[in-house]
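Bear in mind these aren't lab numbers, they're just calculated from the coordinates by the rules spelled out. Predicted, not measured: the structure shown is a model, and the values here were computed from it. No Cβ is skipped: glycine too gets one built from the backbone with ideal geometry, and neighbour counts run over all protein chains shown.
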């Protein structure tokens, strides 16, 4: 399977290096050097993964990420030149799936890309296999209906817009409703590999998920924090 990678980076040398190494791995590489061009290219090329620099002329990478997350569920890997945790947390909150801090090794970036694309392939294969089998599998949790085949969630009949990781997190928690799951368990099962963001990533995604599924995110009824232990989904 040939994958398309969109690289959004305004630094010419780094862009050229990324393009060369990704193409050498057999990927079809598309590029953009500013935010508006990134949106245009993403809509036209429909990439399988997006590598997105935060610091871009015009529309910055965080805003690009925010817009794209409303339009596509493909993995978004942010590149940030700062080690500041704020950039990383905000990036995750607006829908990014992963991030790397510059300078980074090309080997690590390629490993991250392969990991995300492997999950894309497995999800597509699972979707195809499930669609061929009937009936489709749903999880019903109160006013939430989670369609595992179509990767869709409805709340009181209204479709929710979730990022890929938010959906996977919700599905995992719902499949283990009533059980206390540690952050480490969630990180291992949902992210599936040693993720640089650590357990802080889990907290950020839980908070974002609560805003979408709870009546009052400040006093959650279904996605409960168990102090010192982790999270429990009540359904």
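Against the longest alpha carbon principal axis of the chain, how many degrees, from 0 to 90 and to the nearest 10, is the axis of helix 106-132 turned?
Compared with the principal axis, the helix lies near 50 degrees.
Over 21 Å, how big is the tail of the calculated P(r) for the stretch 134-233, in percent of all Cα pairs?
Summing the P(r) of the stretch 134-233 above 21 Å gives 29 percent of all pairs.
Helix-only estimate, please: 222 nm mean residue ellipticity of the chain, summing -39500 (n - 2.57) across DSSP H runs of length 4 or more and dividing by its residues, to the nearest 500.
-13500 deg cm²/dmol
So in the chain, what percent of DSSP beta bridges are antiparallel if you round to the nearest 5?
Within the chain, antiparallel bridges account for around 50 percent of the total.
What list do you get for 105, 163 if you sort them by fewest beta carbons within 10 Å?
Lowest count first: 105, 163.
Computed from these coordinates, which is Cα extents along the principal axes in Å: [x] 75, 51, 31; [y] 51, 43, 30; [z] 52, 42, 41?
Identified label for the calculated read-out: [y].
Mind checking the angle between helix 199-213 and the chain's longest principal axis? C-alpha axes, 0 to 90 degrees, to the nearest 10.
Helix 199-213 sits roughly 60 degrees off the main axis of the chain.
Calculate, in nm to one decimal, what residue 137 and residue 177 gain on full extension: separation in residues at 0.36 nm each, minus their alpha carbon distance.
Here the answer is 12.8 nm.
Treating the angle as unsigned and between 0 and 90°, give the value, to the nearest 10°, between the Cα long axis of helix 35-45 and the longest Cα principal axis of the chain.
With both axes taken from Cα atoms, the answer is about 80 degrees.
Return 20, 27, 3 ranked ascending by Cβ neighbour count within 10 Å, so the fewest neighbours appear first.
The order, fewest Cβ neighbours first, is 20, 3, 27.
Please report, to one decimal in angstroms, the Kirkwood hydrodynamic radius of the stretch 4-123 built from all distinct Cα-Cα pairs.
Result for the stretch 4-123, one decimal place: 14.0 Å.
What is the order of 117, 110, fewest Cβ neighbours within 10 Å to most?
110, 117
Hey, could you grab the Kirkwood Rh for the stretch 181-235? Inverse mean 1/r over distinct alpha carbon pairs, Å, one decimal.
After inverting the pairwise mean of 1/r, the radius is 11.6 Å.
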